[in-house]
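Reviewing the structure listed below.
The values are calculated or read from the model by the stated rules, or taken from the named source; none is laboratory data. Source: prediction; values computed, not measured. All Cβ positions, glycine included, derive from the backbone under ideal geometry; neighbour counts span all protein chains shown. Side chains are part of the model used for accessible areas, which takes the heavy atoms of the whole protein and leaves out ligands, DNA and RNA. Shrake-Rupley method; radii C 1.70, N 1.55, O 1.52, S 1.80 Å.
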Amino acid sequence: STFAITTATINGDCVITANFKELPTAKLTMLVNQPDPNKVAGAVNPANGFYRTDIPIWIEAIPNAGFAFVNWTATANATIDNANARRTFITLTGDAEVTANFAVKETLELTVQWNPEHAANPFLTTAEGIYYVEPGKPFALLQGTENGYTFTGWSVVSGTATITEVHNGGSAVD
């Protein structure tokens with residue numbers, strides 16, 4: 001909104017009218033491309049509605065677990081500042097549809113075990129169990145021992161992983 005003060009010198013009876021013009025708006029429809037028909041890939045902001053055509057509109061793609069944001073696509077009446085950014089701006093010149101495109105994020109299953117089970121300090125060691133990790137992304141492995149044991153290293157029992165030993169008490173799986 002804007003505000004201005006104008007003065008008028010009145011020299012006789014008169015009627016003064018404040019005249020306004022509606023600024024142009026366009027209908028924005030925000031869509032989500034669903035790569036998996038059984039799961040919702042994510043959400044978008046802002047809500048569908050009418051927006052001014054002369055002001056950039058902030059948009060955001062929010063991927064759900066198991067999905068990754070890929071890019072934005074739009075119909076001809078929308079200009080996207082950065083189609084590869086999850087958060088960016090668009091400017092409308094008319095009614096438009098803007099779509100957030102997502103892809104299924106590949107994950108691998110990692111099972112962590114302790115050997116022997118009672119030797120690890122549960123407050124200092126990565127918990128036993130199943131973890132879902134991204135391929136090629138390091139996963140931190142922490143180890144702490146109970147009295148009477150010393151840590152001798154991590155080993156790959158099955159599958160493929162590269163363990164990088166770190167001598168400050170932690171390791172990473174690539």
- Note on the structure: Flagged in the range 26-72 as farther than 15 Å from Thr99 by Cβ, open to solvent by less than 70 Å² (accessible area, probe 1.4 Å), in contact with an Asp or Glu (Cβ under 9 Å, 6 or more places away or on another chain) and at pLDDT 95 or above, in numbering order, are Ala26
- Query: Hey, any hits in the range 152-167 for a residue that's surrounded by 13 or more Cβ atoms within 10 Å (Cβ to Cβ), at pLDDT 85 or above and under 19 Å from Glu60 (Cα atoms)?
  - Reply: no
- Would you say Ala78 is of a type in the set (A, V, I, L, M) and farther than 30 Å from Val156 by Cβ? yes
- Message: Cβ-Cβ under 6 Å, sequence separation 6+ or interchain: first residue in the range 133-144 and more than 18 Å from Pro122 (Cβ to Cβ) and of a type outside the set (D, E, K, R), partner modelled with pLDDT under 85 and open to solvent by 70 Å² or more (accessible area, probe 1.4 Å). Which pairs?
- Response: Val133/Leu108; Pro135/Glu106; Pro135/Leu108; Pro138/Asp174
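Is the range 120-133 home to any residue that is surrounded by 16 or more Cβ atoms within 10 Å (Cβ to Cβ) and not in a loop (DSSP other than H, G, I, E, B)? Steps first, answer last, please.
Just the residues of the range 120-133 that are surrounded by 16 or more Cβ atoms within 10 Å (Cβ to Cβ), to begin with: 120, 125-126.
Remaining after also requiring not in a loop (DSSP other than H, G, I, E, B): 120.
Yes, the range 120-133 contains a residue that is surrounded by 16 or more Cβ atoms within 10 Å (Cβ to Cβ) and not in a loop (DSSP other than H, G, I, E, B).
Among Val44, Val40, Val104, Val70, which is the only one that is touching a residue at least 60 places away in the same chain (Cβ under 8 Å) and either touching a Pro at 6+ places or on another chain (Cβ under 9 Å) or within 30 Å of Val133 (Cβ to Cβ) (or both)?
Working: Val44 fails: touching a residue at least 60 places away in the same chain (Cβ under 8 Å); Val40 fails: touching a residue at least 60 places away in the same chain (Cβ under 8 Å); Val70 fails: touching a residue at least 60 places away in the same chain (Cβ under 8 Å).
One residue alone meets the criteria, Val104.
Looking at this structure, is Thr88 without any contact (Cβ under 8 Å) to a residue 24 or more places away in the chain and buried (at least 17 other Cβ atoms within 10 Å of the Cβ)?
Values: without any contact (Cβ under 8 Å) to a residue 24 or more places away in the chain: no; buried (at least 17 other Cβ atoms within 10 Å of the Cβ): yes.
Here the answer is no, as Thr88 does not meet what is asked.
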- Query: Mind checking whether some residue in the range 106-113 is surrounded by 15 or more Cβ atoms within 10 Å (Cβ to Cβ), within 30 Å of Phe151 (Cα to Cα) and out of contact with any Gly (no Cβ under 7 Å at 6 or more places or on another chain)?
  - Reply: yes
- Note on the structure: When every residue in the range 134-151 that is open to solvent by 70 Å² or more (accessible area, probe 1.4 Å) and polar (S, T, N, Q) is compared, the one modelled with the lowest pLDDT is Asn147
- Message: I need a count of the residues in the range 1-25 that are open to solvent by less than 100 Å² (accessible area, probe 1.4 Å) and under 23 Å from Ile57 (Cα atoms).
- Response: 3
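May I ask you to verify whether Thr93 is under 30 Å from Leu28 (Cβ atoms), of a type in the set (Ser, Thr, Tyr) and either without any contact (Cβ under 8 Å) to a residue 12 or more places away in the chain or in contact with a strand residue (DSSP E or B) (Cβ under 8 Å, 6 or more places away or on another chain) (or both)? Break it down stepwise before answering.
On the way: under 30 Å from Leu28 (Cβ atoms): yes; of a type in the set (Ser, Thr, Tyr): yes; either without any contact (Cβ under 8 Å) to a residue 12 or more places away in the chain or in contact with a strand residue (DSSP E or B) (Cβ under 8 Å, 6 or more places away or on another chain) (or both): yes.
Yes; evaluated as a whole, the condition is true for this residue.
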- Message: Residues that are within 14 Å of the chain's Cα centre (by Cα), of a type in the set (Asp, Glu) and farther than 30 Å from Val156 by Cα: does the range 48-64 have at least one?
- Response: yes
